[in-house]
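The values are calculated or read from the model by the stated rules, or taken from the named source; none is laboratory data. Worth saying up front: this structure is predicted, and the values here are computed from it rather than measured. Here the Cβ is made from the backbone with ideal geometry for all residues, glycine too, and neighbour counts use every protein chain on show.
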Amino acid sequence: MTIHFKNLALTPIFFILFCLTFTANAEPTSNREWKTKSGHKTTATALKVENGKVHFKKPNGSVIKVKLDLLSEGDQEFLTKHFELKPAEKPDTAASTVSGSGAEPLTGLSQPQGKTVGPIDTGNGSTYYLYLPKSLKLNRPAPLLFYTHSGGGGKGQLINSLRDAAETLGWVMAISVESSNQNPKREVHAINCMKHILKTWPVDKDRIHYSGNSGGAALAFQTSTKIRAYGVMPNVGYIPGTNQVKAKVVYGLGGGNDYNRYLTSFAAKKFKKDGFHRMNPGGHGASPASYYEDGMLWMHCKFMKKGKSKHRDEAADFEASIINWTNRIKKKNPMRAYSNACVVRDIYEMSSANARILNDIIKELEADQNNVLYHEGLLEIHKLSMKYFAPLGENGGSKKKHDHPKSRKAAEKLKEKYSGVKAILDVLNAMMKQTV
């Protein structure tokens, strides 16, 4: 089947660009098949390359223009030789703005995109706040993050603080209003909200992610037993009782001296290589919004790695978004930019062209040893948690005013290595304290 280029979702190639001239006496190519990096094909004659675009003449006589750097590497090489294009200076790929698939955006929804709205009534007494990102794509169901807070949904402030990640990754977000620990019907309300969301909004049923804090995190795990999750992101939370969690990955959040730290660690360890424990310097409280966003990225990478072949255009958009996002935050927070770039590299594995750009960013940022130590510190803290904290959470139960000598000694040994990285040092100090 012949596919017209004007309707394609294209993945850009970023390596040496070529100058915008061609030889005056160059003849058009023969009529042949051309291929984009994303695998789409068409048959046409290349008339010339001008202003960085290839002029293709279709068999029906129509002429279309396609950017040279959107074609496969082989086709680019062919055209470079045929039209005797001169190589231009290689751009700074680490600072490049990368284009995605070109997929058409999804618009016209019954609620505005790019702002938190609500509360939305499900029709049976349950309500939720909602965030629909502007980055939604037509005919592409989106991942969902559904939050249940132990104190209730408030006015949706928490999901509002995660908009940057929601736009970067294309996630729909919602928070249950009636999720308070004091509400005996909170699980019923959570299920009602989920059913309404899945029925009403463009959400991928295979990519449901639950999150919550403390008792709200327990509710997140409970909800996953009724409507299956891909991922759960508990904050200072735990798996309640003997619930059989139905999820693929768990990204646990919590304070270094939180009284639920053993339970959160145990929940993450149950998922082995698909579990991670990310701690902050505090106790039993909220984690920074950036930690939630990092967890969203981690879970997104886990899914996309296994689904690249089925989600080719989405993979192109994800790779472009994460490169652009990393370039945007690296000046403000280089340690976080470096760490997340490493997560993408190590879990997801980008396509070759974009991998080169990402590696250039990583090389640029690893010139500052503190960036490297920050990422290594997060991994070390996770390992320490899995070794010392997780075994104490196996039998359940919160542990207040609890001291753990072995983990304290292990954290003490790491402090010298990370003495210059306050973000890591603060967490290690918290892990050495009694739980609160």
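Per-structure values
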read-out: Search result, residues across region 404-427 that are among the hydrophobic types (A, V, I, L, M, F, W, C) and under 23 Å from Val250 (Cβ atoms); value: Ala410, Ala411, Ala423, Ile424, Val427
read-out: In region 376-403, the residues that are over 18 Å from Tyr251 (Cβ atoms) and among the polar types (S, T, N, Q); value: Asn395, Ser398
read-out: Test: residue in region 296-315 that is surrounded by 22 or more Cβ atoms within 10 Å (Cβ to Cβ), within 21 Å of the chain's Cα centre (by Cα) and either hydroxyl-bearing (Ser, Thr, Tyr) or in a loop (DSSP other than H, G, I, E, B) (or both); value: no
read-out: Residues satisfying the stated conditions in region 255-274, i.e. of a type outside the set (Ser, Thr, Tyr) and buried (at least 21 other Cβ atoms within 10 Å of the Cβ); value: Gly255, Gly256, Asn257, Asp258, Asn260, Arg261, Leu263, Phe266, Ala267, Ala268, Lys269
read-out: Residue match in region 334-348 (condition: in contact with a Ser or Thr (Cβ under 8 Å, 6 or more places away or on another chain) and over 27 Å from Gly275 (Cβ atoms)); value: no
read-out: Failed item in (1) closer than 22 Å to Phe221 by Cα; (2) in contact with a helix residue (DSSP H, G or I) (Cβ under 9 Å, 6 or more places away or on another chain); (3) at pLDDT 95 or above, with Leu158 passing the rest; value: (3)
read-out: Qualifying residue in region 317-328 (condition: in a helix (DSSP H, G or I), touching a helix residue (DSSP H, G or I) at 6+ places or on another chain (Cβ under 8 Å), assigned by TED's automatic domain parsing to the domain that holds Val172 and acidic (Asp, Glu)); value: no
read-out: Near pairs, Cβ below 8 angstrom, 6+ apart or cross-chain, from region 392-407 (among the hydroxyl-bearing types (Ser, Thr, Tyr)) to any residue that is loosely packed, with under 12 Cβ neighbours inside 10 Å; value: none
read-out: Every pair of residues 6+ apart whose Cβ atoms lie under 7 Å, when the first sits in region 291-320 and is charged (D, E, K, R) while the second is assigned to a helix (DSSP H, G or I) and modelled with pLDDT under 95; value: Lys305/Tyr348; Lys308/Ala315; Glu319/Asn354
